[in-house]
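The values are calculated or read from the model by the stated rules, or taken from the named source; none is laboratory data. All figures in this text were calculated on a predicted structure; none of them were measured in a lab. So basically every Cβ, Gly included, is an ideal-geometry build from the backbone, and we count neighbours across all protein chains shown. Protein only, heavy atoms only, side chains kept; ligands, DNA and RNA dropped before computing areas. Shrake-Rupley method; radii C 1.70, N 1.55, O 1.52, S 1.80 Å.
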Amino acid sequence: AQSVTQPDARVTVSEGASLQLRCKYSYFGTPYLFWYVQYPRQGLQLLLKYYPGDPVVQGVNGFEAEFSKSNSSFHLRKASVHWSDWAVYFCAFMSNYNVLYFGSGTKLTVEP
Amino acid sequence: NAGVIQTPRHKVTGKGQEATLWCEPISGHSAVFWYRQTIVQGLEFLTYFRNQAPIDDSGMPKERFSAQMPNQSHSTLKIQSTQPQDSAVYLCASSLGRTTSAETLYFGSGTRLTVL
């Protein structure tokens, strides 16, 4: 079955440290993949999305993600985390019918 | 651009009552999606309209849930005879409705439904 898996329910990093949030996908062919962020009591906002092509995708607020077919992964990275990045991050894939299916989310906590 | 507008922000119903949730998509968007978010189940796809026509309702519970899109400016999600397990945040999203690329879905802030 096609899916995305986020193996880390919670991640804690110190402000200014680098960040990697993991996403593994299971998909026939090459998927369209997305990272969304959800701030407290808000809807989901797009960080970045992957089209087949350049494996490294740049997003908003200094986020980037790298697609790896060999590892079936689409990990999210940021070089230096800010306290405002405290949120829940969702990886998702888009079905052939343009429906987004989400992973379980990773809650990021930023320590001062 | 006001974004996707969902009303009400919070709704409290008694068990067995009906709840209607409203969604106004971004102007010019022809696709509307409904999702349900809970701690236990996460983000679940419910249903999807394009050009007001139902395209995929594979995530909708078979009983008590229905969705409509009577015009291009709003969609409703109706839950009849609400049960405590229906308590969740219901999210609406819209997109341009093109089918040939990885479309961005724009989400509203959600309606938090609490069934007592």
By the mean-Cβ-within-10 Å protection proxy, highest first, A:96-103, A:7-14 rank as A:96-103, A:7-14
For residue B:53 and residue A:83, extending 7 Å from Cα along the Cα-Cβ vector and measuring point to point gives, in nm, a value of 5.2
With R₀ set to 30 angstrom, the calculated FRET efficiency between the beta-carbons of residue A:20 and residue B:2, to the nearest 0.05, is 0.30
A chain fully extended from residue A:97 to residue A:66 at 0.36 nm per residue, minus the present Cα-Cα distance, gains in nm 8.7 nm
Sorted largest first, the C-alpha extents of chain B along its principal axes in whole angstrom are 41, 28, 27
Buried accessible area between A and B, both sides, 1.4 Å probe, in Å² rounded to 100, is 1600
Expressed as a whole number, the average count of other chain Cβ atoms within 10 Å around the Cβ atoms of A:37-43 is 4
Percent relative contact order for chain A, counting Cα pairs under 8 Å at least six residues apart, stands at 37
accessible surface per residue for segment B:9-105, probe 1.4 Å, DNA/RNA/ligands not counted, whole Å² -> 49
Looking at segment A:94-108, residues buried by 20 Å² or more relative to their chain on its own, accessible surface at probe 1.4 Å, turn out to be A:94, A:97, A:98, A:99, A:100, A:101, A:102
note: the protein assembly as shown, Cα-Cα separations exceeding 24 Å make up a percent value of 45
Whole-percent carbon and sulfur contribution to the accessible surface of the protein assembly as shown (1.4 Å, no ligands, DNA or RNA) stands at 49
Per the 1/(1 + (r/R0)^6) rule, R0 = 41 Å and r from the Cβ atoms of residue B:87 and residue A:54, FRET efficiency to 0.05 is 0.45
Ranked by GNM mean-square fluctuation in chain A (Cα springs under 10 Å), the top entry among A:28, A:90, A:74 is A:28
